Each structure stands twice: as structure tokens, then as C-alpha cells.
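*Asks:* Here it is, the structure in full.
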Amino acid sequence: MKAGALFKPIKNFDNNLAHLYEHYLILDFHRKLGLDTASTFGWVGGKTFEDYLFIDYGFYNPKIEKSFTDYLSQKKDFNEKQILEALSIINLEDKIKYRITNLELLISQLEELENMPWNIDKNSQKPLPKVIKQIKQQEPSYITTTIKLNSDDPNLHKLFLRFKVIIDDIIQRNLDSNYPNYSQGFSPITIWNEGKYADFIKVNAFEAVEHNAILKLCQNTIKNFDLEKNYQNIKHHFDYFREEPLWQDVQIDYYKYSGVITNNQKIAQLATIDNLQQILNKLSFEISKTNQDDFDSLV
Ligand SMILES: [Zn+2]
């Protein structure tokens, strides 16, 4: 696993602008990587505080780390369409509706932030004017996606405990490219549910969402996923999973929450193309409305 974090000091920038920049980078990098590759690469995330913004990442394949560092050093084309998409995501995250008051000025501020080097703790002296205005509170709609494995095969249950991380990512990437949404993450562990299923949930906030459309998107994403083409990336994932010392005690959680006794070595050994394909063939999805309490409990 190649993991790391980068920061920029942002004291002199409007905090909403810095937050927009963080989400723009994450969105733009995922798009540039392409859906299929992005599905199995690891993660890029971020967090914007008052004084600093952070980008963190973890890659299973060292080649992707190179793409990421190359991406960060390239000049970005801050286009209006993606700026608005990134803004929709922070609307949902902050539960506030934002409006851009001056797009040209906003792009020049994004460029100014872009030109500041990473990991150097030095603020510029001049405070910049605000270009994002809060207009009104909005209440996003929340959904929970439950993914179930319909199988009695104990080996598939074991493999699903980890493969679900990849499945979740594949679905999230497709959601991101189709709907403005903000994911609150997903259950870290597969939970034993209704006797024979392993499943997990996650909560997404949307501006407006048809449950049936999301259900179809989940089903089609899995149906169209080219396992053979992505198998090398998936193998990298399981190779790291088998060896990574920080993940060795995850087996205690597997036992506690799912009742499945296994270990990382066994799971990695089960990750053959045939087993992975069987899991993909035996998944079903449920989309349900999530209330605020469920949403907050996952934070
Ligand atoms: Zn954010």
C-alpha cells in the first residue's frame, strides 16, 4: 500500500473556496483515471479545515501513485461544469446551498491556490475576497444502499468480507459520474443479516433521487464490470490485504460482526477470478430512505 497525505495552508482563502478546490481535485482525478481503473485503485480523499486543506490517498498499485503525483503537478483546467459539480457535493456535505457570485474571480482564486506548493506551511499575506455565497439551508435526501450476497457457500462469504470494499468503490465511482452525491462512507465491516446473507450499508446524500434509478445503476454497474480486465488491480489489492500488518486484526471484527471465522491470508487465497465472478453474479441490492439519525450514526 502506498499511502500518504499532502497539505496546503489556506488561511487567506475563503474557506468555501478551499473546500471547493479539495473536492474539485478529487472529482477531477477520479475522472481522469477513468472508471474502470478507478474502481480498484484505492482511494483519494480530503478534508478542509480553517487553516489547512489536506488530501490523503492510498494506492494498491504503485503505478497509480505515479499518475497521482503527475496529476498534481499538471496545470488544471478549472471548468465551470466540474466546478458546479464539486459545489453540489459540498452543498450536500454542509447541508447549505452555495452560489458562486463571480465565476471568473473564483477560477483565478482556484488557480492561485493551485500555484501554491504542497506541504509548505507559508500563507500568502493578502486575504482574498469571498466569491461563494450561502443562499439557503437545504435538506438533502438520504439513501442507504444494502448489498447482499445470495449464497450459502462459506468460502464466498469469507471472500465477500473484503471484496465488498472493491464492490463499494466500483458502485461509488459510477454514482459519482451520474449524480451529485456525498457519501457518508460505508459500514467498515460486513454484517451478518437475516440468517444467510452477508451485507453492508452505506449512506449517500443526494439533491434529489429516484430510488429505482439508483437500484438500476447499482445492478448495471456490477453487470457491466469487466472482472478480467481489472483482475490485476484486484490482485494487487488482495496482495496488500494479505500482508499489511495494520489490517491483521480485522479478523477479530469479521468474527464479531459477521460470525465468519477466517483470516486475511485465507481470504486473499480465495480471491480467484472464478470466486470473484461468482460473488458478482450473486449480488442483490436494496435502496432505502435513510433518516437523519441513521445518517449521523455513521459519521
Ligand atoms: Zn468536503
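*Asks:* Please go through segment 258-291 and pick out each residue that is among the hydrophobic types (A, V, I, L, M, F, W, C) and part of a helix (DSSP H, G or I).
*Replies:* Within segment 258-291, Ile267, Ala268, Leu270, Ile273, Leu276, Ile279, Leu280 qualify.
*Asks:* Where residues in segment 194-210 are buried (at least 17 other Cβ atoms within 10 Å of the Cβ) and of a type in the set (D, E, K, R), which of them is modelled with the highest pLDDT?
*Replies:* Lys202
*Asks:* Looking at segment 1-16 only, could you name the residues that are more than 21 Å from the chain's Cα centre (by Cα) and more than 22 Å from Phe68 (Cα to Cα)?
*Replies:* Across segment 1-16, the qualifying residues are Lys11, Asn12, Phe13, Asp14, Asn15.
*Asks:* Further question: Take the residues in segment 243-256 that are surrounded by fewer than 17 Cβ atoms within 10 Å (Cβ to Cβ) and in a helix (DSSP H, G or I); name whichever of them is modelled with the highest pLDDT.
*Replies:* Glu243
*Asks:* Right, something else. On the basis of being crowded, with 17+ Cβ neighbours inside 10 Å, of a type in the set (Lys, Arg) and more than 17 Å from the chain's Cα centre (by Cα), does Lys66 make the cut?
*Replies:* Against the criterion (crowded, with 17+ Cβ neighbours inside 10 Å, of a type in the set (Lys, Arg) and more than 17 Å from the chain's Cα centre (by Cα)), Lys66 does not qualify.
*Asks:* So how many residues does segment 129-145 have that are at pLDDT 85 or above and buried (at least 18 other Cβ atoms within 10 Å of the Cβ)?
*Replies:* Within segment 129-145, residues that are at pLDDT 85 or above and buried (at least 18 other Cβ atoms within 10 Å of the Cβ) number 6.
Listed here are the residues, each with its yes/no results for (1) over 21 Å from Tyr179 (Cα atoms); (2) more than 16 Å from the ligand (Cβ to nearest atom).
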{"residue": "Asp28", "(1), (2)": "no, no"}
{"residue": "Glu50", "(1), (2)": "yes, no"}
{"residue": "Phe78", "(1), (2)": "no, yes"}
{"residue": "Gln82", "(1), (2)": "no, no"}
{"residue": "Gln109", "(1), (2)": "yes, yes"}
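*Asks:* Additional query: Could you tell me which residue of segment 146-176 is surrounded by the most Cβ atoms within 10 Å (Cβ to Cβ), considering only residues that are acidic (Asp, Glu) and touching a residue at least 60 places away in the same chain (Cβ under 8 Å)?
*Replies:* Asp176
*Asks:* In addition: Give me the residue from segment 177-191 that is assigned to a strand (DSSP E or B) and in contact with a Lys or Arg (Cβ under 9 Å, 6 or more places away or on another chain) and, out of that set, surrounded by the fewest Cβ atoms within 10 Å (Cβ to Cβ).
*Replies:* The residue in question is Gly185.
The values are calculated or read from the model by the stated rules, or taken from the named source; none is laboratory data. Just so we're clear, the structure is a prediction, and the values are computed from it rather than from any experiment. Positions of Cβ are backbone-derived with ideal geometry, glycine not excepted, and every protein chain shown enters the neighbour counts.
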